[in-house]
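Asker: Quick one: the structure is below, and I'll ask about it shortly.
The values are calculated or read from the model by the stated rules, or taken from the named source; none is laboratory data. This is a predicted model, so every value here is computed, not measured. So basically every Cβ, Gly included, is an ideal-geometry build from the backbone, and we count neighbours across all protein chains shown.
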Amino acid sequence: MCYSDPVSPLSPRPRLSLFKRIGLGMMLAGLLLAGLELGTRAFLGPTAPVPVYSGSEVSDRWLEAKGDTVHVISQASEMVDVQFPTQPTAPRVAVLGGSSVHGGSHLNANDEFPGLIQKSTGIRTLNLGKPANDSHDVVKILEDLLKWPMAGVVVYTGHNDFGNLFFNDRFGTVQQGRQARLQATLERFQLFNVLKRTLKPEVNGTQNVLADPSQSDTNLLAIGTERRTTALRYYQINLERMAWLCQRADVPLILVTPVGNINAPPVSRDCVFEPCAAQLHQEAVALFGTDRTRALSLLSQARDVDPIPLRAPTPAVDAVRAMGAHPGVTVVDAVAKLPGDERVDAPARWLFKDPVHFSAEGHLEMANLIAPIVREVLNSER
């Protein structure tokens, strides 16, 4: 009877094939990267997008404490509340945003909606709005602001994320589709963003064409789908980060949908892209009084494809609405709840002095809409 000899302890072990070794190495590397990404994301929160110009000086700091008082530093000097105590004697909320919050309507600060909220609720309401600020700025301000006690934060932002596409010629290379899509994918990983900022610090993420007269109006008008999509993606990332920052600080966040005058014609009267925003608006006007639903649809399309996008498009409004699913976030749907227009089912024209800035009546209606929510949210936190 024949028996095979047992394998000797001194016999060489079977070696893995080259392909198996490569596969095992890739799997281990993948697990290591996944662990680093999860750890980085747990520490730093949701990814923060590329820094951009907003009309303000480029800086990572907005607020600083001097003794028992918080001061707004130089580039934020157009803010109303340039200082406030580090430790409040009563609950306070802060309102963050751009010129729709402060400065765009040329009203006394007491007549802007943050001041009217304070008057209505009796709750100290800091107006930290500033012309040209967008969601990138709001994130930076919020990172500083939440170092001190806040009973709540109200954010109204969105228009400038798209308007600054024009004014600062943001994301000028994103028409290079493949590169833009690859960058969009990589920027979803916090580890990539950390490495990018470490290995290649970005002083500015855009080109300020207003400071360069050689830039032509044709280039400024070229706000097409790729650039608009990039701005929307960064806007969504910033909203996510605002929610994370407030949740970490245990501060309720009230997000207000951006709202504008849907009846206002597109800023650009030229048919730079198809569909043509100016033609869509003309078709809508012809339907006033006969087909309100179709007229609103055309007006919305005209706004959303305007080559000079001063008003936040429909996807931006939807992005804010979707944030209501986040813990600690309350969404105020200004688009749906402000007084309506007699011609289309949208916020009334008299709420605005131009496509985006509120009239005195608009600020009052915004305060009437937001103040009860502020009072309710703060009462529920006690």
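Asker: For segment 138-151, state whether one or more residues are at pLDDT 80 or above, under 18 Å from Pro313 (Cα atoms), in contact with a Lys or Arg (Cβ under 7 Å, 6 or more places away or on another chain) and not in a loop (DSSP other than H, G, I, E, B).
Answerer: If we filter segment 138-151 for residues that are at pLDDT 80 or above, which is where we start, we get 138-151.
Checking the rest, the ones that are also under 18 Å from Pro313 (Cα atoms) come to none.
No.
Asker: Sticking with this one: Just checking, how many residues over segment 352-364 are under 23 Å from the mean Cα position of the chain (by Cα) and in a helix (DSSP H, G or I)? Walk me through how you get there before you give the answer.
Answerer: Applying the first criterion (under 23 Å from the mean Cα position of the chain (by Cα)) to segment 352-364 yields 352, 354-358, 362-363.
If we keep only those that are in a helix (DSSP H, G or I) as well, we get 362-363.
Qualifying residue count for the region: 2.
Yes or no, residue by residue, for (1) within 25 Å of Leu338 (Cβ to Cβ); (2) more than 23 Å from the chain's Cα centre (by Cα):
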site	(1), (2)
Ile123	yes, yes
Leu128	yes, no
Glu143	no, no
Leu146	no, no
Met150	no, no
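Asker: Okay, moving on. Do you know which of the residues in segment 307-321 that are in contact with a Ser or Thr (Cβ under 7 Å, 6 or more places away or on another chain) and closer than 19 Å to His281 by Cβ is surrounded by the fewest Cβ atoms within 10 Å (Cβ to Cβ)?
Answerer: Among those that are in contact with a Ser or Thr (Cβ under 7 Å, 6 or more places away or on another chain) and closer than 19 Å to His281 by Cβ, it is Thr314.
Asker: Could you give me the residue pairs with C-beta distances under 6 Å whose first residue belongs to segment 111-123 and is under 22 Å from Pro149 (Cβ atoms), whose second residue is modelled with pLDDT under 95 and in a helix (DSSP H, G or I) wherever it lies, and which are 6+ apart or on separate chains?
Answerer: What qualifies is Gly115/Ala109.
Asker: Filter segment 298-323 down to residues that are more than 17 Å from Val267 (Cβ to Cβ) and either without any contact (Cβ under 8 Å) to a residue 12 or more places away in the chain or assigned to a loop (DSSP other than H, G, I, E, B) (or both), then give me how many there are.
Answerer: Qualifying residue count, segment 298-323: 2.
Asker: Any residue in segment 258-275 that is in a helix (DSSP H, G or I), surrounded by fewer than 22 Cβ atoms within 10 Å (Cβ to Cβ) and hydrophobic (A, V, I, L, M, F, W, C)?
Answerer: Pass one, segment 258-275, residues in a helix (DSSP H, G or I): none.
No, the conditions are met nowhere in segment 258-275.
Asker: A further question follows. What number of residues within segment 248-297 satisfy the criterion of being among the basic types (Lys, Arg) and either touching a strand residue (DSSP E or B) at 6+ places or on another chain (Cβ under 7 Å) or touching a residue at least 60 places away in the same chain (Cβ under 8 Å) (or both)?
Answerer: Residues meeting the conditions: 1.
Asker: Right, something else. Is there a residue in segment 5-22 that is modelled with pLDDT under 65, surrounded by 11 or more Cβ atoms within 10 Å (Cβ to Cβ) and touching a Lys or Arg at 6+ places or on another chain (Cβ under 7 Å)?
Answerer: There is no residue in segment 5-22 that is modelled with pLDDT under 65, surrounded by 11 or more Cβ atoms within 10 Å (Cβ to Cβ) and touching a Lys or Arg at 6+ places or on another chain (Cβ under 7 Å).
Asker: Follow-up. Of the residues that sit in segment 90-106 and are touching a His at 6+ places or on another chain (Cβ under 7 Å) and surrounded by 24 or more Cβ atoms within 10 Å (Cβ to Cβ), which one is modelled with the highest pLDDT?
Answerer: Per the stated criteria, the residue is Ser100.
Asker: Looking for whichever is modelled with pLDDT of 95 or more and in contact with a strand residue (DSSP E or B) (Cβ under 6 Å, 6 or more places away or on another chain) here; the options are Ala334, Ala367, Ala322. Which one fits?
Answerer: Criteria check complete, one pass: Ala334.
Asker: Can you pull out the residues in segment 326-352 that are touching a residue at least 40 places away in the same chain (Cβ under 8 Å), buried (at least 18 other Cβ atoms within 10 Å of the Cβ) and more than 26 Å from Trp244 (Cβ to Cβ)?
Answerer: Selection gives Leu338, Asp341, Arg343, Val344, Ala346, Pro347, Leu351, Phe352.
Asker: Only one of (1) under 13 Å from Val154 (Cβ atoms); (2) touching a Gly at 6+ places or on another chain (Cβ under 8 Å) is not met by Ser99, so which one is it?
Answerer: So the condition that Ser99 fails would be (1).
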